[in-house]
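Just so it is clear, none of the values below were taken in a lab; they were calculated from the coordinates. Not measured: the values here are computed from a predicted model. Here the Cβ is made from the backbone with ideal geometry for all residues, glycine too, and neighbour counts use every protein chain on show.
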Amino acid sequence: MPSRLYVSLLVVAAIATDSWEHRAWAAPLAEGQGSLAHLEIHAPVGAEVKVEGRNLGKMTAPTRDVEYKSLEAGKEYPIVIEAAFDGKATQRKVVSLMRGQTVRVVFLHPDARRPELVVQTGHSECITSMAFSPDGSQVLTGSQDNSVILWDAASGQQLRTFSIKGPKSVAFSADGQQVLVPGEDATRLWNRVTGEQAEWFNDSFNFAAITPDGRYLGWGGYSQAGVWDLVTAKKLQAIETEKLAKGLSVNCGAWNRRGTLLALGGGDFDKPHTIVVWDPFSKRTVMELPNKFRRLAAVAFSLDDSLIITASGEYREPGQVAIWDAQSGEHLRDFSDVPSQPKSLEFSADGTRLLTVASNAAIIWDFESGKQLVKFARKMDEEYFSVECAAFSPDGKRIATGGNPNQAMIWDSTTGKRLQTLRGRSPKNGAVAVSPDGQFIAVAAGS
């Protein structure tokens, strides 16, 4: 029987319909076209187009080709294209052009504006993780096909492909210059600009995170945890997890905001999981927090580092979101009516609300009281959909969700009103991310 080809899609679309910035699509030229590159402009007849300030006049046909010659191999050329419509604001777009490519740029008439999707098919199997670069210009995706791809968010151009077995997550360093990917057998750190491998960690990490200042990499796995200094490329600490706490096998963790403490959580499948707060620089366990569940999904510090938040829960049993004092370890309170199997924790930018995903729904909680504010889920009279992942917009006014069947939704985070639905072509969404400026959502999907 022939093997099935899975095609995963990366869709980048604008969130707010009043601030579209239309995007471009890139594809290779045919062989033998040497140093040529083409800019293929699509715009309504009558639109006045400028490229790099040069006025090309009004469009007399829906498509116009601009040819570039003698481009240097491997060099990116930023190109500014503008389209003006009579009595309407000018639309502006910046794309990257490289030798041997055709970049297609599409402008729509302002009166016909609608969400425009940039669809990529660079992965052959499901995309499982995704992240925007700190400046929002690039998107990083990890897939079950043992690859990680760096994309240009504006043009949809595939910039680099990194190979690693079983990528578990993807992340950028704080300055956006490095790409961190924990894999099944090893964890790798690449230079985003050159594509060179900066570090190869032979340890298999279930959790890995870089401190907010970008200096240290904290990690944890089934039997070990440790810290690497990314400046000196030296392993500062490595310790057996059993020495931190009996039965500890790390599957989640978080740095505090100052980058001085690591909270690590996990355990054996058939026993309650453990949470440990570890100071790797003084080589001491600060505290151990009890946990009654066999499944610890996420841990986080509050924005002022004074509290620790954990999300735990098992299948078909009530979940737990617990708040702990980060200095004393005292269990302060639990959120009420948490659905089973909560899987993520995210604070709003001001730290007053907490977003969780559990049991096919996203929920926003008032962090101080622990009360549920808004629930984003299917209503009884609606067509079926589930929520598998969610993220706040940077200003906290909206959330984006992804789920089954393959559709992303934009919601008002205060009222719970659904503002927009973006439908894809694959059975389900694997990840969702919002750009740092809050203007775009990236949705990864695949069967």
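Remarks
- Student exercise, the stretch 226-353 dipole from Lys, Arg, Asp, Glu Cβ charges, in Debye to nearest 20: 340 debye
- Distance from the alpha carbon centroid of the stretch 297-344 to that of the stretch 275-294 works out to 15 angstrom.
- In plain terms, the chain from Glu317 to Thr232 could stretch by 26.0 nm, reckoned as 0.36 nm per residue minus the Cα-Cα distance.
- Nearest-0.05 FRET efficiency for Lys292 and Asn404, computed from C-beta distance (R0 35 Å): 0.70
- Relative compactness, the stretch 55-115, computed as alpha-carbon Rg over 2.2 N^0.38 Å: 1.30
- Rounded to the nearest 20 debye, dipole of the stretch 229-271 from Cβ charges on Lys, Arg, Asp, Glu: 260 debye
- Potential extension, Glu67-Ala89 segment - 0.36 nm per residue separation minus Cα distance: 5.2 nm
- For the stretch 363-369, 3J(HN,Hα) per residue [Karplus equation, 6.51 cos²θ - 1.76 cosθ + 1.60, θ = phi - 60°, Hz, x = Gly/Pro]: 10, 9, 10, 6, 5, 5, 8
- Once backbone amide H atoms are built at 1.01 Å from N, Ile164 has Ser147, Val148 as its partners under 5 Å, excluding neighbours fewer than 5 places away on the same chain.
- Couplings 3J(HN,Hα) of the stretch 243-250, computed from phi: 7, 7, 6, 5, x, 6, 9, 6 Hz, in residue order, whole Hz [Karplus 6.51 cos²θ - 1.76 cosθ + 1.60, θ = phi - 60°; x for Gly and Pro].
- Order of Phe281, Phe347 - criterion: other Cβ atoms within 10 Å of each residue's Cβ, fewest first: Phe281, Phe347
- Protection proxy ranking of 94-100, 250-256, by the mean of other Cβ atoms within 10 Å over each peptide's residues and highest first, is 250-256, 94-100.
- Within-11-Å neighbourhood charge of Leu159 [Cβ basis; K, R +1; D, E -1]: 0
- Listed peptides 365-374, 60-69 by packing density, highest first (mean Cβ within 10 Å): 365-374, 60-69
- Size of the stretch 249-383 from its Cα atoms: along the principal axes, largest to smallest, the extents are 57, 37, 22 Å.
- Residues whose amide H falls under 5 Å from that of Ser386, counting only those 5 or more places apart or on a different chain, are Asn404, with hydrogens built in the peptide plane.
- The stretch 54-66 - phi-based ³J(HN,Hα) in whole Hz, Karplus 6.51/-1.76/1.60, Gly and Pro as x: 8, 7, 8, x, 7, 5, 9, 9, x, 10, 9, 9, 10
- Subtracting the Cα-Cα distance of Ser282 and Asp305 from 0.36 nm times their residue separation leaves 6.4 nm of extension gain.
- Under 5 Å between amide hydrogens, built in the peptide plane, is the criterion, and for Gly396 it picks out Ala349 among residues at least 5 positions away or on other chains.
- Working from label points 7 Å from Cα in the Cα-to-Cβ sense, the Arg54 to Ser386 distance is 5.4 nm.
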